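Data block below; observations after.
Values quoted throughout were computed directly from the atomic coordinates according to the rules given, and no laboratory measurement underlies them. Just so it is clear, the structure is predicted and the values come from calculations on it, not from any experiment. For neighbour counting, all protein chains shown are included, and Cβ atoms are generated from backbone atoms with ideal geometry for every residue, glycine included.
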Amino acid sequence: MMIKRKLISIMLISIATLFSQTTFAGPMLSMELTRGISGAIPIMFTPFAIQGVPPTEDIAAIVSNDLKNSGRFKLSTGSIDDKVIGTIQEAGVNRYQVSFQLLEGFKGKNTQPTVLLNRKYTVSGDALRSLAHHISDAIYQQLIGVRGVFSTRLAYVVVQRNVNPTKYILEVSDQDGYNPRPLLISTDPIMSPAWSRDGKKIAYVSFENQRAAIYIEDVATGSRQRISEFNGHNGAPAWSPDGRKLALVLSKSGSYNIYMMDIASRKLTPLTQDHYINTEPSWSPDGRNLIFTSNRSGNPQIFQLNLDSKAVTRVSYDGNFNARGSYTPDGKQITMLNRESGLYNIGLLDLDTGVFHVLTNSSSDSESPSMAPNGSMILFGTLYNGRSVLAMVASDGRVQIRLPGRDGEVQDPAWSPFLS
Amino acid sequence: MQLKNIVRSLAITGCVLALGACAAPGHKSQDEMNGADANAGGVQSSGVGQGSNFGDSAGGPQQSLAKRTYYFDYDKSDIHDSDKRAISANADYLMAHASARIILEGHTDPRGSREYNVALAERRANAVAEFMKAKGVNPDQIRVVSYGAQRLASPGHTESDYQLDRRVVLVYTKK
């Protein structure tokens, strides 16, 4: 029988613009796909008609970059029988109506392409970029079967050493590095950003006043409160799935132990109480377990604490260094920082089979793995040309993306949850 | 002999109050260097250098006090023998000045996991703190802050950069 060669084509209907006042701010981070997968789906963006002044946001370019950078799609220029269908409508002052159709066509066959998606939106000019990411999400979900993360955000720390004193910035950007916004600018270090489950707040550690304390800051307004300032270190905040508690690390007892804090009451409950180093807690998606880093068996390894039974079991066995573990969204795997032959890599451990894979493929050290909310990619820090940059690797290791920073060293990243 | 000791004590106090701003013995002072410009007409004058009235050539007490960064080996929190004299000198100062206060900052190199490195760095700072307390320093005079790898001494990523990162820094917050 005829082999179906599916070529997907996207037709994006353009928007007419009346005004093009907004200036275009370049991204803090810019993505470079370094390795896509061989089974990537070919996808074609047909040129769309522009009526009037070109829009300030090139929706087709944003969507095509999103899909290309996921590593799951490759931009195709092959020929296909298809039709471009669309309408262009202005919808008022700085408002646009955007329509798109996702068509599945059959190469060489004289049939009507199938309409997989047919959507229409009316948005303000400010929302064009967000809309493009939303369209990417819809296409990704339709073709891959998994919710897309193109509308999520990244938090990370920028360190600028070319000024005196060194400047530390906690910054939030879109998932593709655009729209960077500072949440905190400081001359003292900032570390361990952690998004709340609804994506509205970020907890972090700041060393202002020459002491580490944990703050919670509202992402939209920038208002913040200091919620943990005990003697010694206050660190590694981790939000519970229900958003009501933070697991955190305090050294006030004389050694590093993990505590649970009820955020409303500030009440503290110790979870570990020994003389080892216990740090970097992370919650299981069902909220019933915490994994954490501990050197109780000699070298740093990942351990799991059952919050009901209080039983602690060791989780990592590959190599003599495993730290900073976190679960995939389905709770079945753990990503972690692993050291092998002196090199720090990002790895993924399957909890059912015990099989461990190293995902990164670099001669430089990696750090700080952070899982995407759909489990598809892991954001982490690494070195490139002697500078700290962010990178992403797919959970099957086959896609790698680099996000070099423009204005300094970039480190300690945290991927937001799904945002609406 | 007694006068020498008084001079020595005054010099130590003076240096500490200036928090390291004074020149170590054996170095030319700024005045002497400016004086050389006045001889630009071809006449070359030279001084005989500042004599060392006090302290030994191999690290006098004021040099020991001024040495406030102590380095550590990879994955270790053992104090180097070569640092013990300087730490002791600062311990002596603290014991002689009950209102003086210090912070001991702990640091690691940037490899590994950030929050775990904070714990490792605190071990280093605690090692110095315990050494001082064993000498008799009041614990209230010492505060330990661990920065982990958050305040790197060197921005590079070679082993010689990492050596500079692994340190404890003693900072006087009150003299």
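A few comments on the model shown:
- Highest mean packing comes first when the peptides A:93-102, A:269-278, B:133-142 are listed by Cβ atoms within 10 Å, giving A:93-102, A:269-278, B:133-142.
- Cα shape, the stretch B:105-175, gyration tensor, a/c 1.5 rule: prolate
- Most mobile listed residue (A:A60, A:A220, A:A127) in chain A, GNM with C-alpha springs under 10 Å: A:A220
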